[in-house]
Amino acid sequence: MTDITITDDEFQQFIIYAERYAIGRMTYVPSEVNNIILKYLPFIANNTLGVLIRDIELEADRDMLGMDFDKKLWLALLDTLKNERDRRKSEDEQI
């Protein structure tokens with residue numbers, strides 16, 4: 001397989017697109033997208049982190065996170081994303 005290079009902006013957009021596509025799907029996709037987000041969390045920009053949090057919260061409020069096991073997956077990811085956001089904010093305040 002050939003390696004490709006994308007810009008950081010493209011990466012951030014792909015993460016958002018993948019998350020928005022996966023929310024509410026009743027396939028393997030929510031699990032795969034969650035794993036990708038967790039794998040690349042250190043590279044996800046603060047703005048993108050905020051978008052992901054807002055998207056998951058919105059869909060949770062609408063009860064549109066999918067099956068119960070997917071809902072648990074998304075809510076666990078939401079907690080992880082919020083913790084990461086808070087950790088970064090705390091680090092920024094210490095500088």
### Task
Using a 10 angstrom cutoff on alpha carbons, build the Gaussian network for the chain and name the most mobile of 53, 15, 36.
36
#### Entry: Sequence of 90, 31 once ranked by neighbouring C-beta atoms within 10 Å, starting from the fewest
90, 31
#### Entry: Two-decimal Rg/Rh across the chain, once Rg and the Kirkwood Rh are taken from alpha-carbon atoms
1.00
### Summary
Here the net charge surrounding residue 55, from other residues whose Cβ is less than 10 Å away from its Cβ (Lys, Arg +1; Asp, Glu -1), is -1
### Message
Could you work out the relative contact order of the chain? I mean the mean sequence separation of Cα pairs under 8 Å and 6+ apart, divided by the number of residues, in percent.
### Response
32 percent
### Message
What distance in nm lies between label points placed 7 Å from Cα along the C-beta direction at residue 93 and residue 80?
### Response
2.5 nm
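Every number in this text was worked out from the coordinates using simple rules, so none of it is lab data. All of these numbers come straight from a predicted model, not from anything done at the bench. All Cβ positions, glycine included, derive from the backbone under ideal geometry; neighbour counts span all protein chains shown.
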